[in-house]
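> Structure in structure tokens, see below.
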Amino acid sequence: MSFLDHLEALRWHIIKSISAIIICGTVAYIYSDFVWSIIFAPRSNDFWTSQMIIKLNNYFGIASEGLNKRQLNLINFEMSGQFMVDVWTAIITGFIVSFPYVVYQFWSFVKPALYENEKRQASGAVLVMSFLFLVGILFGYYLIVPFSIDWLAGYTLGSGGEVVNQINILSYISTVTSIVLSGGIAFELPIVIYFLSKIGLLTPKFLRKYRRHSYVILLIIAAIITPPDVLSQMIVSIPLILLYELSIFISARVDKNRRKKMNEA
């Protein structure tokens, strides 16, 4: 294929991806009441995460009132504010729902340029990437979002009481969607590590060398966004640490296979 043929193929893959996002986004807009019930749920003390925190703390004999005990008032300042937020939320929802198809389109474009052995090795990439993205979305939604809302909405200046938090709906939805999408992207780390290790830019030795530094950073992040109790910090930090360990394992496997092929050659 010529360069222009590749561009034409890429154009059609992009068009198909955007079309899928628009279709899924349109469905999300039609059923916006259901979508918003999901988005608003983490700000409630009755949310699953909050109730699990209460049950776990009670099990260990620790007094806990859960998360988001305060009344979180959401307001809108602009005439078209709620409409625009609804539209953008539908688009973001459309992207999340259509992510597996978007990844498939990207894979369909890249696949012809790969050798047969590379195609076999990466044959499950679409499924794995989609699964990790979904797990990251759920991790962000059920863990990071409720803890972040609890901490940020309760943060006060000075001795407290001088400034009352009236949260703009745009600020709320931006926080929720950015955290959820960041979770989905962060959980693609093993895939990124796989390809970087495959081309020799990253080694398991490097990842093991900076393991402690990474742990400290992850624990600091968990301490910032969670209440000041060890249990909550562990709930957030342990999945992130396991994700890092999985990345080391993947890098080690890739490095081992590469060395084996070099020795055979």
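The values are calculated or read from the model by the stated rules, or taken from the named source; none is laboratory data. Just so we're clear, the structure is a prediction, and the values are computed from it rather than from any experiment. Using ideal geometry, Cβ is built from the backbone for each residue, glycine included, and neighbour counts are taken over all protein chains shown.
> How many residues are crowded, with 18+ Cβ neighbours inside 10 Å and either without any contact (Cβ under 8 Å) to a residue 60 or more places away in the chain or under 15 Å from the mean Cα position of the chain (by Cα) (or both) when one looks only at the stretch 99-112?
Total meeting the criteria: 3.
> Which residues, taken from the stretch 169-210, are assigned to a helix (DSSP H, G or I) and small (Gly, Ala, Ser)?
Ser171, Ser174, Ser178, Ser182, Gly183, Gly184, Ala186, Ser197
> Let me confirm something: among Gln82, Gln71, which residue is within 22 Å of Ile167 (Cβ to Cβ) and in a loop (DSSP other than H, G, I, E, B)?
It is Gln71.
> Show the residue pairs that are 6+ apart or on different chains and have beta-carbon atoms under 6 Å apart, the first residue being within the stretch 115-144 and within 29 Å of Ser178 (Cβ to Cβ), the second being modelled with pLDDT under 85 and hydrophobic (A, V, I, L, M, F, W, C).
Every condition considered, the pairs that remain are Leu143/Val236.
> Moving to a separate point now. Scan the stretch 160-181 residue by residue and report those that are surrounded by 14 or more Cβ atoms within 10 Å (Cβ to Cβ) and touching a residue at least 40 places away in the same chain (Cβ under 8 Å).
Once the filter is applied, which keeps residues that are surrounded by 14 or more Cβ atoms within 10 Å (Cβ to Cβ) and touching a residue at least 40 places away in the same chain (Cβ under 8 Å), the stretch 160-181 yields Ile167, Asn168, Ile169, Leu170, Tyr172, Ile173, Val176, Thr177, Val180, Leu181.
> Return yes when Gly136 is modelled with pLDDT of 90 or more, touching a helix residue (DSSP H, G or I) at 6+ places or on another chain (Cβ under 6 Å), in a helix (DSSP H, G or I) and small (Gly, Ala, Ser) and no when it is not.
Yes: the conditions hold for Gly136.
> Only one of these conditions is not met by Ile224: (1) over 30 Å from Asp150 (Cβ atoms); (2) at pLDDT below 90; (3) exposed (fewer than 15 other Cβ atoms within 10 Å of the Cβ). Which number is it?
The failed condition is (1).
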